[in-house]
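Student: Structure provided below as structure tokens; questions to follow.
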Amino acid sequence: MAHKGTSTFIMQRATAALLIPLAIWFLVGLVSHLGADIASARAWLAAPVNAIPFALFIAIGAWHMRIGMAEIIADYIHGGLKGVLSILNWLAALSLIAGALWSLYNIAFTG
């Protein structure tokens, strides 16, 4: 596992850099729908031009969260709890990604 720290550092910075334009896009979309009804917000999110960036925003954000939490666990948790929390961290990130993508799929394709 040589250079694991370097690759983790680079991956965290890369996901942060990718999240900047996606977060700006999300905030602009959110502000543009303030006061709108749920049907128009769903229609906006169901459009592929909006569903794809939203899926990327959720997936990259969850992966960024997983990397950050893994660093916190590695630095501050010791003993057997470290392994348990590492597994829970992976499961939480994967569950968040899967749940968000499933919800987005339902909004975009099943109406």
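The values are calculated or read from the model by the stated rules, or taken from the named source; none is laboratory data. Bear in mind that the values here come from a model prediction, so they are computed numbers and not experimental data. Quick reminder, even Gly has a Cβ in these numbers, built from the backbone with ideal geometry, and neighbours come from all protein chains shown.
Student: Residue check, TRP25 against (1) at positive phi; (2) surrounded by 11 or more Cβ atoms within 10 Å (Cβ to Cβ), all met but one. Which one?
Tutor: (1)
Student: Then there is this: Is it the case that ALA51 is modelled with pLDDT under 95 and in contact with a helix residue (DSSP H, G or I) (Cβ under 6 Å, 6 or more places away or on another chain)?
Tutor: Numbers: modelled with pLDDT under 95: yes; in contact with a helix residue (DSSP H, G or I) (Cβ under 6 Å, 6 or more places away or on another chain): yes.
Judged against the criteria, ALA51 is a match.
Student: Go over the candidates LYS4, LYS82 one by one and state the one that is of a type in the set (D, E, K, R) and surrounded by 12 or more Cβ atoms within 10 Å (Cβ to Cβ).
Tutor: On the way: LYS4 fails: surrounded by 12 or more Cβ atoms within 10 Å (Cβ to Cβ).
After applying the criteria, what remains is LYS82.
Student: What's the number of the condition ALA43 fails, among (1) at pLDDT 95 or above; (2) closer than 20 Å to ALA108 by Cα?
Tutor: Among (1) at pLDDT 95 or above; (2) closer than 20 Å to ALA108 by Cα, the lone unmet condition for ALA43 is (1).
Student: Just to verify a result, which residue in the range 7-22, among those that are surrounded by 11 or more Cβ atoms within 10 Å (Cβ to Cβ) and β-branched (Val, Ile, Thr), is nearest to the chain's Cα centre (by Cα)?
Tutor: THR15
Student: Does at least one position in the range 12-24 carry a residue that is over 26 Å from LEU91 (Cα atoms) and of a type outside the set (Ser, Thr, Tyr)? Walk me through how you get there before you give the answer.
Tutor: Taking the range 12-24 as the starting set, the residues that turn out to be over 26 Å from LEU91 (Cα atoms) are 21, 24.
After this cut, where a residue has to be of a type outside the set (Ser, Thr, Tyr) as well, the list is 21, 24.
There is at least one residue in the range 12-24 that is over 26 Å from LEU91 (Cα atoms) and of a type outside the set (Ser, Thr, Tyr).
Student: Just one of the numbered conditions (1) touching a His at 6+ places or on another chain (Cβ under 6 Å); (2) touching a residue at least 40 places away in the same chain (Cβ under 8 Å); (3) within 17 Å of ALA108 (Cα to Cα) is not true of THR15; which one?
Tutor: Unmet condition: (3).
Student: Kindly evaluate ILE52 against the criterion of being without any contact (Cβ under 8 Å) to a residue 60 or more places away in the chain, loosely packed, with under 14 Cβ neighbours inside 10 Å and either among the basic types (Lys, Arg) or closer than 17 Å to LEU101 by Cβ (or both). Break it down stepwise before answering.
Tutor: Details: without any contact (Cβ under 8 Å) to a residue 60 or more places away in the chain: yes; loosely packed, with under 14 Cβ neighbours inside 10 Å: yes; either among the basic types (Lys, Arg) or closer than 17 Å to LEU101 by Cβ (or both): yes.
Yes, satisfied.
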